[in-house]
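Engineer: Quick one: the structure is below, and I'll ask about it shortly.
Coordinate-derived values only; no laboratory data. Since we're looking at a predicted model, the values are computed, not measured. Cβ placement follows ideal geometry from the backbone for every residue including glycine, while neighbour counts extend to all protein chains displayed.
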Amino acid sequence: MKKSKFTTLDSLSLQEFDENSELIPLMTPEDEEAINNEELPETLPILSLRNTVLFPGVVIPITAGRDKSIKLINDANKGGKVIGVVAQKDEAVENPSAKEIHETGTVARILRVLKMPDGNVTVIIQGKKRFKVAEVLTEEPYMNATIRDLPEAKPAVKNKEFTAIIDSIKDLALEIIKESPNIPSEASFAIKNIESNSFLVNFVSSNMNLSVEEKQSLLEMDDLKRRALATLKYMNVEFQKLELKNDIQSKVQMDMNQQQREYFLHQQMKTIQEELGGVSHDQEIDEMKAKAKEKQWDEKIEKHFEKEIAKMQRMNPQVAEYSIQRNYLELFLDLPWNEFSKDKFDLKRAMKILDRDHFGLEDVKRRIIEYLAVLKLRNDMKSPILCLYGPPGVGKTSLGKSIAEALGREYVRISLGGLRDEAEIRGHRKTYIGAMPGRIIQSLKKAGTSNPVFVLDEIDKLSNSHQGDPSSAMLEVLDPEQNSEFYDNFLEMGYDLSKVMFIATSNSLSTIQPALLDRMEIINVTGYTIEEKVEIAKRHLLPKQLKEHGLSSKDLKIGKSQLEKIVEGYTRESGVRGLDKQIAKMVRFAAKNIAMEEDYNVKVTNEDVIEVLGGPKLERDKYENNNVAGVVTGLAWTRVGGDILFIESILSKGKGALTITGNLGKVMKESSTIAMEYIKANAETFGIDPTVFDKYNVHIHVPEGATPKDGPSAGVTMLTSLVSLYTQRKVKKSLAMTGEITLRGKVLPVGGIKEKILAAKRARIKEILLCEDNRRDIEEIKPEYLKGLTFHYVTDMSDVIKLALTNQKVKNAKKL
């Protein structure tokens, strides 16, 4: 049964009728007979109702909000006060047509019309007789239709079955009123005093919680007995629902009472413990439970947490395991389970950020933009594992910050240099005193999201010990197929790392475990050209140092030519870390003069550079000359980038012994031996008298013996040096070379081409000799890096000699 006495319709919603208004008129059998004998008019204005059905004899209020409805009510109120009321088929329709209303309705009499402050009209109507719409005559300004009467088949007065149904309806209605707290007790008085069986059925049908369609089906039943039986069925269902609801509420109330009792006992226990000097932990547990309700956990994680907090609840706070359990649960609550920051997919903005923070590094930027583009299209891509590989100081680590800003993600960095304990990655088992989670989980806790940009710095410097191999533990972290369930020993559960973007940095690939290397996408971050270093110094390094030393751009200006002088004369690196230190010296010099109020040149000159930094220290990198036979410039790759390498050879009286010095490794020693044997085998081709090999000893030296040197790229250089020595011919001016040779005289390709090219440019080399197979490496380098260089590609050592040596003899050439 409904809570309210009346139902508000036509526009709108349920509304409680004023308590001071008149009670619902109870229809007597005499009233009913008078209505049945009353003749219906042939045509009636039709008022459509949105959300209810009007039954004969029932009084309801209607709030009319539509213009058509208000006009209809006003016109009818001035006239005969009789209208036809029909329910809409779809209450969402604003202006229903003839096809959108039911055919069966109820003739209604307007009892009272009330104007509301909001402009709507509330009208109280009483149903009289059922009718059927015969034909809609007009729809404007409101609907008018011809109608016909629908007679109602009533059972005989002494029909026992019908009498039993009516009695059951009365009894069940009284039970529903009694059980429902929302229905006022006056309703039972109304039910008891209804004398008309037909009105009783209609009154109960109107006030039940039924849909419009169900009420309409009751109204359309011509047989009163059949309608009464259907009403009784609906009442039984409602009564069962009410009983079930009350039963549930009583159980909940009992549970609440039990909880209150337990709470009271816990409060008493807490007070007793505090009086005895103990530590109460109930509040701490309650706070944890409250925090857990806010977490976005799946069912598995939630069950695990409930199990663990129940274990803590049973623990004595005095035992050592209690603090471990508390630390464990605090970590569990602090971790960002299923919490992700929203990625920013503005690719142009991302490119601007990368260009702003880093000059050059085009391959790296392109790869990041590709990742963003794919993520934007799919939105569920597993994050790649990128490894930025290159010499120190080129911006590998700082690139991670720019990527995080471009993506709109949190930034996390872990330095792996010297890490030798597996527990640093996987965590300790929480059974130990002082146990902690691994650094991966700890960093995610600090980040606050499960998809940060995670920089694993110096991954090539992981070591191992008796405490395990952390590089092997990293396999699970960096495998996209496994890291969705990364297992931390302290957490004792799998944690999803698949949305984390891992960026590893490395100076060398040789020390990285092969299985770990296989899981990463290697991006080679090569060194910078002189031009790039000057731009980086101008855009980034100088402004940064000025800011750090409390100066502004007005206090010190370093021009491009002076920056280039610093780069060429005082730094020997592929990156810019050493350059940053030299610029810092210049800034400190200005800061000292400002603080001591001494004069200095705001605009730095070449003389100022020499005064502050001293004389140029790295002029030895420059190409020297070709006036001495046996001296050839080679190109080498080192961990700090490319470098030029002078290979010198000299003859002395002896029996053909070969001596090699310069702290060379096995590979370079093998290269010199191969070169020597190849020359002996092809002496006539090179125009060398074979007898000289038995008369002279050969000494090959690579300067700077304190620096270890090794690698398969000095073969052609050594062979060219020896041929130049034996023939006393000059090496072509401003030429450098790199490549390995075989005993057959074939030239093999080598790696590190870009770094070697940068070293050649620093040394003012003009021509470079390479293996033909290295042509593809040159094609991948930006053309501006190659400006001023000429490349010669060879496949055979005979080609090398033709290109490298001139026919001109050196001064004071020896006669062999």
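Engineer: Can you give me the Rg/Rh ratio for the chain, using Cα atoms for both radii and the Kirkwood formula for Rh?
Structural biologist: Numbers: Rg = 47.6 Å, Rh = 36.8 Å.
Here Rg/Rh amounts to 1.29.
Engineer: What are the residues whose amide H is under 5 Å from the amide H of ALA87, where those residues sit 5 or more places off or on another chain and H is modelled from the backbone?
Structural biologist: Answer set, sorted by chain and number: LEU49, HIS102.
Engineer: May I ask you to compute the full-extension gain from SER652 to LYS581, defined as 0.36 nm times their residue separation minus their alpha-carbon distance, rounded to one decimal in nm?
Structural biologist: Additional length available on full extension: 21.0 nm.
Engineer: In debye to the nearest 20, how big a dipole does the range 658-796 give about its Cα centre with +1 on each Lys and Arg Cβ and -1 on each Asp and Glu Cβ?
Structural biologist: Rounded to the nearest 20 debye, it is 540 debye.
Engineer: Between GLU38 and GLU704, what is the label-to-label distance in nm when each label sits 7 Å out along the Cα-to-Cβ direction?
Structural biologist: For GLU38 paired with GLU704, the spin-label model returns 11.5 nm.
Engineer: Hey, if you put +1 on the Cβ of every Lys and Arg and -1 on every Asp and Glu Cβ in the chain, which of VAL82, THR659, THR742 ends up farthest toward the positive end of that dipole?
Structural biologist: THR659
Engineer: Shifting gears a bit: Fully extended, how many nm does the chain gain between ASP118 and LYS680 (0.36 nm per residue separation, minus their Cα-Cα distance)?
Structural biologist: Numbers: separation 562, 0.36 × 562 = 202.32 nm, distance 11.32 nm.
191.0 nm is the gain from fully extending ASP118 to LYS680.
Engineer: Which whole-number percentage describes the relative contact order of the chain, with Cα contacts under 8 Å and a sequence gap of 6 or more?
Structural biologist: Relative contact order of the chain: 7 percent.
Engineer: Set Lys and Arg Cβ to +1 and Asp and Glu Cβ to -1, take the dipole of the chain about its Cα centre, and tell me which of PHE502, VAL702, LEU478 lies farthest positive.
Structural biologist: Sorting the options by dipole projection puts first VAL702.
Engineer: Another question about this same structure. Apply 1/(1 + (r/R0)^6) to the Cβ-Cβ distance of HIS466 and VAL602, taking R0 = 60 Å, and write down the FRET efficiency to the nearest 0.05.
Structural biologist: Details: r = 59 Å, r/R0 = 0.99.
For R0 = 60 Å, the calculated efficiency reads 0.50.
Engineer: Moving on. For the range 101-114, what does the Karplus curve 6.51 cos²θ - 1.76 cosθ + 1.60, with θ = phi - 60°, yield as ³J(HN,Hα) per residue in whole Hz, taken in order and with x for Gly and Pro?
Structural biologist: 10, 6, 7, 8, x, 10, 5, 10, 10, 6, 8, 7, 10, 10
Engineer: Taking the highest mean first, how do the peptides 453-463, 218-228 order by number of other beta carbon atoms within 10 angstrom per residue?
Structural biologist: 453-463, 218-228
Engineer: Please give the length that would be gained between GLN249 and LYS311 if that part of the chain were fully extended, namely 0.36 nm times their separation in residues minus their C-alpha to C-alpha distance (nm, one decimal).
Structural biologist: Stretched fully, the GLN249-LYS311 segment lengthens by 19.2 nm.
Engineer: Let me ask something else. Mind checking which helices in the chain clear 20 Å along their axis (Cα) and have mean Kyte-Doolittle hydropathy of -0.5 or more, DSSP H runs only?
Structural biologist: On the way: long enough: 160-179 (28 Å, 0.29); 224-275 (76 Å, -1.05); 299-314 (23 Å, -1.58); 320-334 (22 Å, -0.33); 362-378 (24 Å, -0.15); 577-595 (27 Å, -0.14); 666-681 (22 Å, -0.11).
Helices passing the filter in the chain: 160-179, 320-334, 362-378, 577-595, 666-681.
Engineer: Please list 3J(HN,Hα) in residue order for the range 690-695, calculated via the Karplus relation 6.51 cos²θ - 1.76 cosθ + 1.60 where θ = phi - 60°; whole Hz, with x for glycine and proline.
Structural biologist: Per residue, the Karplus-derived 3J(HN,Hα) values read x, 6, 5, 5, 9, 9 Hz.
Engineer: Sorted by mean Cβ packing within 10 Å, highest first, what order do the peptides 660-670, 740-750, 98-108, 782-792 take?
Structural biologist: Numbers: 660-670: 15.5, 740-750: 17.8, 98-108: 19.5, 782-792: 12.7.
Put in order of decreasing packing, that is 98-108, 740-750, 660-670, 782-792.
Engineer: Work from the charge dipole of the chain (Cβ charges, +1 for Lys and Arg, -1 for Asp and Glu, about the Cα centre) and give the residue of PRO543, LEU174, ILE101 farthest towards its positive end.
Structural biologist: The residue sitting farthest along the positive end of the dipole is PRO543.
Engineer: Taking amide H atoms as placed 1.01 Å from N in the peptide plane, list the residues 5 or more away in sequence, or in a different chain, whose amide H sits under 5 Å from that of MET493.
Structural biologist: Under 5 Å from the amide H of MET493: ASP488.
Engineer: Just how large is the dipole of the chain about the Cα centre, in debye to the nearest 20, putting +1 at every Lys and Arg Cβ and -1 at every Asp and Glu Cβ?
Structural biologist: Computed about the Cα centre, the dipole is about 4720 debye.
Engineer: Now, a different point. Quickly work out the THR138-to-SER217 label distance, labels modelled 7 Å from Cα along the C-beta direction, and quote it in nm with one decimal.
Structural biologist: 3.8 nm
Engineer: First select every other residue whose beta carbon is under 13 angstrom from the beta carbon of LYS81; then total the charges, Lys and Arg +1, Asp and Glu -1.
Structural biologist: Cβ neighbours under 13 Å give a net charge of +3.
Engineer: Here's another thing I want to ask about it. Modelling each spin label as a point 7 Å along the Cα-to-Cβ direction, I'd like the LEU551/TYR411 distance in nm, to one decimal.
Structural biologist: Here the answer is 2.6 nm between the modelled labels.
Engineer: Using DSSP, restrict attention to beta bridges with both residues in the chain and report what percent are antiparallel, rounded to the nearest 5.
Structural biologist: Working: 53 of 94 bridges.
Beta bridges within the chain, antiparallel portion: roughly 55 percent.
Engineer: If Lys and Arg each add +1 and Asp and Glu each add -1, what is the summed charge of the other residues whose beta carbon sits under 12 Å from the beta carbon of PRO437?
Structural biologist: Around PRO437, the surrounding residues sum to +1.
Engineer: Something else about it: Place a +1 charge on the Cβ of each Lys and Arg in the range 145-227 and a -1 charge on the Cβ of each Asp and Glu, then give the dipole magnitude about the Cα centre in debye, rounded to the nearest 20.
Structural biologist: 220 debye
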